[in-house]
Amino acid sequence: MSVLIWAVIGLLLILSEFVVPQFVVFFFGVGALLNAALLALLPGLSDRIPLQLLIWAGTSGLSLALLRRYAARWFKGDEQHTDTDTDAGRTAVVLEEISPDSPGRINFHGTSWRATAFDETIAPGETVTILTKDNLSYTVTAGTLVGPGKENT
């Protein structure tokens, strides 16, 4: 493989980090770029593809192991802490039947959300009260438990 091919592979892998989370693919791109640089310095390696792949795997693994912790600080975004219980007590409308064993869907803030029932089966069209939120899923109970002002379907 040529220097140009390794350089293009390296740049594509680095750019793919914008699509793939966890900040790992970047280091395989760094390994490919280091491989391209090594091939430019040692042209005798151009015919030894298995050795190039071995060097790429080694440089990628080393860069991942040694640099990820430090480089992740530069690329880390601002963390946004949200209170997951701010929706507790608000009401929503059931779109798909919900039960403790089989999640369904609710309409909340104009969007469909995954929901499980606390301890009952709830039919579509019924109003529920949100108890908790866990990531992108809500735990709900039948009926409304709050007074006026908390409804927000």
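Taking first residues from the stretch 108-135 that are over 13 Å from VAL94 (Cα atoms) and partners that are acidic (Asp, Glu) and assigned to a loop (DSSP other than H, G, I, E, B), the Cβ contacts under 8 Å between residues at least 6 apart in sequence or on separate chains come to THR132/ASP85; LYS133/ASP85; LYS133/ASP87. Within the stretch 18-36, the residues that satisfy the criterion of being in contact (Cβ under 8 Å) with a residue 24 or more places away in the chain and of a type outside the set (Phe, Trp, Tyr) are VAL24, VAL30, GLY31, ALA32, LEU33, LEU34, ASN35, ALA36. If you go through the stretch 121-151 and keep only what is modelled with pLDDT under 90 and either of a type in the set (Asp, Glu) or part of a loop (DSSP other than H, G, I, E, B) (or both), you end up with ASP134, ASN135, LEU136, GLY143, THR144, LEU145, VAL146, GLY147, PRO148, GLY149, LYS150, GLU151.
Per-residue answers, yes or no, for (1) surrounded by fewer than 13 Cβ atoms within 10 Å (Cβ to Cβ); (2) modelled with pLDDT of 90 or more; (3) part of a helix (DSSP H, G or I):
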{"residue": "PRO21", "(1), (2), (3)": "yes, no, no"}
{"residue": "PHE27", "(1), (2), (3)": "no, no, yes"}
{"residue": "ALA32", "(1), (2), (3)": "no, yes, yes"}
{"residue": "ALA37", "(1), (2), (3)": "no, yes, yes"}
{"residue": "SER46", "(1), (2), (3)": "no, no, yes"}
{"residue": "ALA57", "(1), (2), (3)": "no, yes, yes"}
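The values are calculated or read from the model by the stated rules, or taken from the named source; none is laboratory data. The shown structure was predicted, so the numbers you read here are calculated from the model rather than taken from an experiment. Glycine also receives a Cβ, built like all others from the backbone with ideal geometry; neighbour counts cover every protein chain displayed.
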